[in-house]
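Notes to accompany the following structure.
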Amino acid sequence: MRSFTSQLLGVPLLMWTASASPLHTARDSAGINWTPCEFPNATLPIQCANLSVPLDYTSSNSSETMTLPVFRVQAAVDEGSKKGSILYNCGGPGADCLNDLISWGDVLQASTGGYHDIVTFTPRGTGKTLKFNCFPDDLSRALGMPALVGNASDVAVGETWAKSILYGNTCAAAQNKTGNLIGTAFVARDMMQIVDALQEDGLLRYWDHMLTTVDVGISYGTLLGETVLGMFPDRVDKILLDGVVNPFQYYANLETETLVDADATFEGFCKGCVENPDVCPLAKNQTAEQLQESIYTFLEQLRLNPIPTPQGSLLDYSTVKGALLYVNLKFPSLWPSIAKKLDALMNGSLPTGIGGGDSSTVSPSSPDALYGIKCGDTFTENQTLEDVLPILESRINGNRIAGEVNAPSICANWKIRAKERYSGDFRVKPLNPALIIGNTYDPVTPLVSARNVSETFEGSVLLQHDSYGHTTLMQASLCTAKAIRAYFVRGELPQPGTKCEIDTFPFARTNGWDDVKPRLAAEPIQPKQ
């Protein structure tokens, strides 16, 4: 098995030497004052609160604070039977986790046996919490952002690099007051503030999932979990990482590993299409291989012949390959819809809604938070285009469907560095072993990353979720749900080498949870005495 350091292609990284330093902490917490809040579409009642936390943990003499919005779905059992809160994060970076709690609260509760309050928060840089916005309006952003696909033409690499410089300068000017206060290390410290304010046992129970259908990030929640475990290993009770990021490559802006299963996921899209022609008009009596090549041929045509729309925009190679196809490989339940849109384009029609799935946003997002957080975290000072080209070439040569997406140029040219960037060691022994879950075919966080992280945190166990898409909730599995529940409720880990089959299939037009939830409820679980 390759180690993390062997994944880094020999490029010097950091000295991973320190755990969390004792920086500024808040006053003794008086607890959290929860109040009911109304969200008509919520699957379970949600409570809201505001928590005051230090604005700048590196400023020990400052009394300046910020407000952190927190939310919870209460446990199904009575107060005396609760097993402590689980802090949930939905990924990104930049995703607003309240939306996911509204839509998926019942699934989260079912998967933990109803013994835990599910608590989430709006992290720094997202929603209204230190909102990170580099442009005054959407038109300015459309003109100022580098292309999503960084190799769309012969000049695209150089153009993306140049626009990344301009984007970095624009964000540095717009976010010169609080842009360095939204990094992952500060968010990890905010999480421990929440743990203290909950006034339970002083230990963190953490669950990362990427649920929102508009996420274009890299499952940041696992990176956040890895960081908080590295910083506070003696304060983490249980931690579940699902859709796992390689933390060494993330902090180095050297993510060659992230896309290694993308082509296999696209092959699954094509295979599922031809096996389900009633819901996939792309099929057209082709083999999966023929369909795959016909889509690639169409994408190549878009390089030279973008499609103008009545709204005055262009459907070009970058938009269709990145925003329509690759991003939505993460959501198998959306594949029938994506196939219909792609079929319309390939036949000369103009479908509506090229981007991801629908989302009911209840709190405005910070539109530039993905890069504000991710790039501010990285140790990438003085990178040149010559430094970045080998990384880009490695991604393109190994990943036909996605190698060009989210090229490392933006972070290489970022000007705002987080005031605290974690430079400690991820090779730690937690209080209790971690549960690590990886999908067989995940286009953004491959199984190899989950395997490597499971070898890094001593005693942890890897569970393979045999599905397509990004994270386990995208295709439900009774086997996986029972393993998660047993971990949080009883502290039991699956046997090493466990592989869970799913209870749905690609192009099913459902994620399978409506079937799995009652079956899970029919097999109740009791905590250990």
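Every number here is computed from the coordinates shown, using simple stated rules; none is lab data. Remember, predicted model here, so these are calculated numbers, not experimental data. Cβ placement follows ideal geometry from the backbone for every residue including glycine, while neighbour counts extend to all protein chains displayed.
Quick rundown of the values:
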{"read-out": "Relative contact order of the chain, defined on C-alpha pairs under 8 angstrom at six or more residues apart (%)", "value": "20"}
{"read-out": "Vicinal HN-Hα couplings computed from phi for segment 489-501 (Karplus, 6.51 cos²θ - 1.76 cosθ + 1.60; Hz; Gly/Pro x)", "value": "7, 10, x, 9, 9, x, 5, x, x, 5, 10, 9, 6"}
{"read-out": "Cα-only Debye scattering, segment 145-284: base-10 log of I(q)/I(0) at q = 0.13, 0.17 Å⁻¹", "value": "-0.86, -1.14"}
{"read-out": "Under 5 Å, built H, 5+ apart or other chain: amide partners of Ser467", "value": "Thr440, Tyr441"}
{"read-out": "√(5λ) per eigenvalue of the Cα gyration tensor, the chain, largest first, Å", "value": "34, 29, 22"}
{"read-out": "Gained length - Lys128 relative to Leu350, 0.36 nm times residue gap less alpha-carbon distance", "value": "76.4 nm"}
{"read-out": "Cβ-Cβ FRET estimate between Trp34 and Ile307, R0 fixed at 51 Å, reported to 0.05", "value": "0.50"}
{"read-out": "Lys, Arg +1 and Asp, Glu -1 on Cβ, resulting dipole of segment 224-382 about Cα centre, debye, nearest 20", "value": "480"}
{"read-out": "Per-residue HN-Hα couplings for segment 196-204 [Karplus 6.51, -1.76, 1.60; θ = phi - 60°; Hz; x = Gly/Pro]", "value": "5, 5, 5, 6, 9, 9, x, 10, 8"}
{"read-out": "Base-10 log of normalised Debye intensity for segment 61-111 (one unit scatterer per alpha-carbon) at q = 0.21, 0.22, 0.28 Å⁻¹", "value": "-0.87, -0.92, -1.21"}
{"read-out": "For the chain, the longest site-free run once trypsin sites (Lys or Arg not before Pro) in DSSP loop states with at most 11 other Cβ atoms within 10 Å are removed", "value": "178-527"}
{"read-out": "Dipole moment magnitude, nearest 20 debye, segment 415-529 about Cα centre, only Lys, Arg, Asp, Glu C-beta charged", "value": "500"}
{"read-out": "Leu204 long-range amide H proximity, modeled H, under 5 Å", "value": "Val236, Asp237"}
{"read-out": "Cα-only radius of gyration and Dmax that characterise segment 362-445, units Å", "value": "16.4, 43"}
{"read-out": "Amide H contacts under 5 Å for Cys134, placed H, 5+ residues apart", "value": "Asp368"}
{"read-out": "The chain: antiparallel DSSP beta bridges as a percent of all, rounded to 5", "value": "45"}
{"read-out": "Residue-span extension gain [Glu300 to Glu386] - 0.36 nm each, minus C-alpha spacing", "value": "28.3 nm"}
{"read-out": "Gain upon complete extension [Glu455, Asp138; 0.36 nm per residue less C-alpha separation]", "value": "109.8 nm"}
{"read-out": "Those Cys residues of the chain for which no other cysteine Cβ falls under 4.7 Å", "value": "Cys270"}
{"read-out": "Kirkwood Rh, angstrom, segment 232-298 [1 / mean 1/r, Cα pairs]", "value": "15.1"}
{"read-out": "With at most 16 other Cβ atoms within 10 Å, longest stretch of the chain clear of loop GluC sites (Glu not before Pro) (DSSP)", "value": "201-380"}
{"read-out": "Orientation-averaged projected area, Cα convex hull of segment 263-415 (nm²)", "value": "11.2"}
